Amino acid sequence: MVDANARRQRAGRRILFAMPMKDVRLAKTRLAPILDDDRRERVAYHMFEDSQRFFADRFPSVDRLVVTPSERIAGAARALGAWALVEPTTAGLNAAARRARLWATERRYDGIVIIPCDIAFWVAEEIEELVESGNENDVVVAPSIDGGTNALSLRLPSTLPFRYGPQSADRHLAEARARGLTTAQCHLAFLSHDLDTPEDLAAFGRTNAGMPEADHDRHCGAQH
């Protein structure tokens, strides 16, 4: 596999993976019906560590920034080779994304990919697809299975409003098109699955070997 940053450098661009992460004590609250507080915290922390080890191993030359209100998470991020930006309070995903974009813009990155830490299965080829599409477009959205935004790539500088929440994939694309920006949508089978609800956890258990039927189901297409 060709390293994503090497491809970006060939395109004359420098990118940042920005990864918002809650305090684990406040994470995965929708799993409360089936997991007690201790188990929810352990699941959230394990997924965070798994995400950081994946990117450190598969994309070692791409800078990472973890945005979090938790000093514990910030320390773990630094230990795993990422930058950490500690938020003064828990202010939600839109605020974390704004802070990450400002941090990247001030340091003259050419692009930012905002991506969560709670993806059930990480597949390097999907991240490559996302990165490649970001080479060609101002805004790239990878939707979740419920219409949210599981990855958002922006060419910097950018003033695109962040619209995380229900149906945010369409809302991000609409905001981009309204500003005359070039856009693409990446349908990525593994990246579309986060782990937030009891149903997600049940699906994760059923497909613990890795959703082989969806292995080649990934594509990015320009939006008009």
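Tell me which trypsin sites (Lys or Arg not before Pro) from the range 42-114 have a DSSP coil assignment and no more than 11 other beta carbons within 10 Å of their own.
Numbers: sites: 42, 53, 58, 64, 72, 78, 98, 99, 101, 107, 108; in loops: 107, 108.
Those that pass, being in a loop and sparsely packed, are 108.
Here the residues 160, 65, 130, 154, ranked from fewest to most Cβ neighbours within 10 Å of their Cβ, fall in the order 160, 65, 130, 154.
In order along the range 158-172, the phi-based Karplus estimate (6.51 cos²θ - 1.76 cosθ + 1.60, θ = phi - 60°) of 3J(HN,Hα) comes to 9, 10, 4, x, 7, 10, 4, x, x, 6, 6, 4, 5, 5, 5 Hz; Gly and Pro are listed as x. Taking a ≥ b ≥ c as the square roots of the Cα gyration tensor eigenvalues, the range 59-169 comes out rounded, since a/c falls below 1.5.
Overall form of the range 54-101: oblate. Here a/c, set by the Cα gyration tensor axes a ≥ b ≥ c, is 1.5 or more, and a/b is not larger than b/c. Going from the fewest other Cβ atoms within 10 Å to the most, the residues 193, 172 appear in the order 193, 172.
Taking a Cβ cut-off of under 14 Å around residue 86, the surrounding Lys, Arg, Asp and Glu residues balance to a net charge of +1, with basic ones at +1 and acidic ones at -1. Relative protection proxy for 114-122, 180-188, from highest mean packing down: 114-122, 180-188 (other beta-carbon atoms within 10 angstrom). Restricting the GluC sites (Glu not before Pro) of the range 35-85 to loop positions (DSSP other than H, G, I, E, B) with no more than 13 neighbouring Cβ atoms within 10 Å leaves nothing.
Values in this text are rule-based calculations from the coordinates and carry no lab data. Just so you know, these numbers come straight off a predicted model, no measurement behind them. So basically every Cβ, Gly included, is an ideal-geometry build from the backbone, and we count neighbours across all protein chains shown.
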